[in-house]
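Everything below concerns the one structure shown next.
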Amino acid sequence: PAITDEIRLMDASGETDFTIDGEGIAVLPNGDLLVSSETEPAIRQYTADGALIAELPVPEHVLVEPAGRAVGNGTFESLAVSPSGTRLFTALEEPLEGDGATDEGRSRLRILRYDLTDGGSEPAAEYLYLAQPDQDVSEIAAISDEELLVLERGVSLLEGFSARIFRVSLDAA
């Protein structure tokens, strides 16, 4: 592959944003970019040339401690816009304080859904996702308004790296 262009993401003052911990990226039907940052956490909307347009609201409990229940560097690891362009999904990399893991070692992770219709950008739903033991969510892809592909990955000193992809339905969740 050859790099054909570079887009610098700007902060509110129009300067290059060196503070963003970019983890996920999604393109809206109008060409705007959504970029997640896991340290605040934040989901920011940019024009196709990198100018900051807006920051989507983040539920208080998803903020990093002490403001919320998330651990630093363990929040919005991924972003996915549904093929219809009406829904945005993001997944937390690590459990919120109090969510923890099951007795079998499955992390209780959150998937948030934003409805993007009529200019709305508020979180509309939140789902509890049980990752496999010793796995975290690394990426998601929306294959419809109700179905996701979830990439789980882990690392073990004894077994090395592992990765699994799961097809997840949110229809009855």
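Legend: Rg and Dmax of region 94-173, from Cα coordinates, 14.2, 50 Å.
The chymotrypsin sites (Phe, Trp or Tyr not before Pro) of region 1-101 that DSSP puts in a loop, and whose beta carbon has at most 10 other beta carbons within 10 Å, are 18.
Using r as the Cβ-Cβ distance of residue 47 and residue 125, and R0 as 25 Å, what FRET efficiency do you calculate, to the nearest 0.05? Numbers along the way, then the final one.
Values: r = 28 Å, r/R0 = 1.10.
According to the calculation, E is roughly 0.35.
Between residue 54 and residue 165, full extension at 0.36 nm per residue minus the direct alpha carbon distance yields a gain of 36.8 nm. Where does the Debye-calculated log10 I(q)/I(0) of the chain sit at q = 0.12, 0.14 Å⁻¹, using only Cα point scatterers of equal weight, no solvent? Cα-only, vacuum Debye calculation for the chain: -0.56, -0.76.
Using a Förster distance of 22 angstrom, determine the FRET efficiency expected from the C-beta separation of residue 21 and residue 97, and round it to 0.05. Spell out each step's value before the answer.
Details: r = 20 Å, r/R0 = 0.90.
E between residue 21 and residue 97, to the nearest 0.05, is 0.65.
Can you tell me, using C-alpha contacts under 8 Å and at least 6 residues apart, the relative contact order of the chain as a whole percent? Don't skip to the end; give the middle numbers.
Working: 418 pairs, mean separation 23.9, N = 173.
After rounding, I find 14 percent.
Report note on the peptides 95-105, 20-30: ranked by the mean count of other C-beta atoms within 10 Å, highest first, their order is 20-30, 95-105.
Based on protein heavy atoms only, the chain ends up with 54 Å² per residue of surface accessible to a 1.4 Å probe. Are there any trypsin sites (Lys or Arg not before Pro) in region 1-91 that are in a DSSP loop and have at most 12 other Cβ atoms within 10 Å? List them by number. Those satisfying the criteria are 8.
The values are calculated or read from the model by the stated rules, or taken from the named source; none is laboratory data. Quick caveat: nothing in here was measured; it's all calculated off a predicted structure. Note that we place each Cβ from the backbone using ideal geometry, even for glycine, and neighbour counts take in every protein chain shown. Just the protein is used for accessible areas: all its heavy atoms, side chains included, with ligands, DNA and RNA removed. Shrake-Rupley method; radii C 1.70, N 1.55, O 1.52, S 1.80 Å.
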